[in-house]
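Colleague: One structure, as structure tokens, below. Some questions next.
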Amino acid sequence: DVLEIMRNIHVFVTRFTYTMHTQVFVERPNSNKYVNTIGIQQVANSIRTHGTGIMNTTVNYTYQYLAKRFAVLSQFLYDDHIRSRLLKDTKTFREQAKELNNRYPYDRAHTFNQEIRRLGVDQAGMSYLDKFRILITEIGNALGYVRLIRAGGLNHVSGAVGFIPDLELVDAQRGEGDGT
């Protein structure tokens, strides 16, 4: 349900992965027997149940969540250790761009990853770069959720438009009923 996801957006973006081509969220593997999916039709049904006003509220909740996540992203990029390493690699890449055919070499990426890992890892063995990847994925999932809400809203409205009467037909019927 869109309301439940909206209330727990932080849990949703970590537990589900977004498939952009099919506009479906699929639950990550866990100990459950079943895998949950959320697609356009489920969102359209939820909008039909709760009304179209839920779309604006959902986007606002997601925006607030994204603002917090972008603040964390900014803090990561402005960390002195990360920033200095990124600037160093940027400078080196720009100097050698033509020689590298505008491709970042694998060995430099591997070295960068090792240097970030030297900064420290948590109890689960995750480096800052691993946490950064997770953060980027969560931001992408939140943006995908907004996209799914939009698609579900369009689906709902396209189905509801069939109940709007044809005004030309109504006017023609009124003219016949008056005897004119």
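The values are calculated or read from the model by the stated rules, or taken from the named source; none is laboratory data. Note that the structure is predicted; figures quoted are calculated from it, not measured. Every residue, glycine as well, gets a Cβ built from its backbone with ideal geometry; the counts of neighbours run over all protein chains shown. Note: accessible area is taken over every heavy atom of the protein model, side chains too, but ligands, DNA and RNA are not part of it. Shrake-Rupley method; radii C 1.70, N 1.55, O 1.52, S 1.80 Å.
Colleague: Under a cut-off of 19 Å between alpha-carbon atoms, report the aspartates and glutamates in cross-link reach of Lys91, not counting same-chain residues fewer than 8 places apart.
Modeller: Cross-link targets: Asp79, Asp80, Glu99, Asp107, Glu115.
Colleague: Which of the trypsin sites (Lys or Arg not before Pro) found in segment 118-180 are in a DSSP loop and have at most 12 neighbouring Cβ atoms, other than their own, within 10 Å? Spell out each step's value before the answer.
Modeller: On the way: sites: Arg118, Lys131, Arg133, Arg147, Arg150, Arg174; in loops: none.
Those that pass, being in a loop and sparsely packed, number zero.
Colleague: Which whole number of Å³ per residue matches the convex hull of the alpha-carbon atoms in segment 99-138? Numbers along the way, then the final one.
Modeller: Values: hull volume 3.1 nm³, N = 40.
Measuring per residue, one finds 77 Å³ for the Cα hull of segment 99-138.
Colleague: Here is a follow-up. Taking the alpha-carbon distance from Lys98 and a cut-off under 22 Å, which lysines remain once sequence neighbours fewer than 8 residues away in the same chain are dropped?
Modeller: Here the lysines satisfying the reach criterion relative to Lys98 are Lys88.
Colleague: Another question about this same structure. Once every DSSP H run of n ≥ 4 in the chain is given -39500 (n - 2.57) and the sum is divided by its residues, what mean residue ellipticity at 222 nm do you get, rounded to the nearest 500 deg cm²/dmol?
Modeller: Values: 8 runs with 122 residues, N = 180.
My calculation for the chain gives -22500 deg cm²/dmol from helical runs alone.
Colleague: Hey, if you put +1 on the Cβ of every Lys and Arg and -1 on every Asp and Glu Cβ in segment 38-180, which of Gln42, Tyr65, Ile82 ends up farthest toward the positive end of that dipole?
Modeller: My answer, from the dipole projection, is Ile82.
Colleague: Then there's this: Compactness ratio of segment 1-71: Cα Rg over 2.2 N^0.38 Å, N = residue count?
Modeller: Details: Rg = 12.9 Å, N = 71, 2.2 N^0.38 = 11.1 Å.
My calculation over the Cα atoms of segment 1-71 gives 1.16.
Colleague: Now for a different question. Could you give the accessible area per residue of the chain, probe 1.4 Å, as a whole number in Å²? Let's see the in-between values first.
Modeller: Details: 12600 Å² over 180 residues.
Solvent-accessible surface per residue comes out at 70 Å².
Colleague: Still on this structure: If you roll a 1.4 Å probe over segment 1-159 with all protein chains in place, what percent of the accessible area is carbon or sulfur? Display every interim value, and only then the final one.
Modeller: Values: 5720 of 10560 Å².
Carbon and sulfur together cover 54 percent of it.
Colleague: Using a 1.4 angstrom probe on the protein heavy atoms only, could you order Asp89, Asp122, Asp166 from most to least accessible area?
Modeller: Details: Asp89 10, Asp122 50, Asp166 90 Å².
Listed by decreasing accessible area, they come as Asp166, Asp122, Asp89.
Colleague: Cα-based Rg of segment 51-125 per 2.2 N^0.38 Å, rounded to two decimals? Numbers along the way, then the final one.
Modeller: Values: Rg = 18.7 Å, N = 75, 2.2 N^0.38 = 11.3 Å.
Dividing the Cα Rg of segment 51-125 by 2.2 N^0.38 Å gives 1.65.
Colleague: Counting each pair of different Cα atoms once, what's the Kirkwood radius of the chain in Å, rounded to one decimal? Intermediate values should be presented prior to the final figure.
Modeller: On the way: mean 1/r = 0.0491 Å⁻¹.
Roughly 20.4 Å, rounded to one decimal.
Colleague: May I ask you to list the lysines whose Cα is less than 27 Å away from that of Lys68, ignoring any residue fewer than eight positions away on the same chain?
Modeller: Excluding near neighbours in sequence, the set is Lys131.
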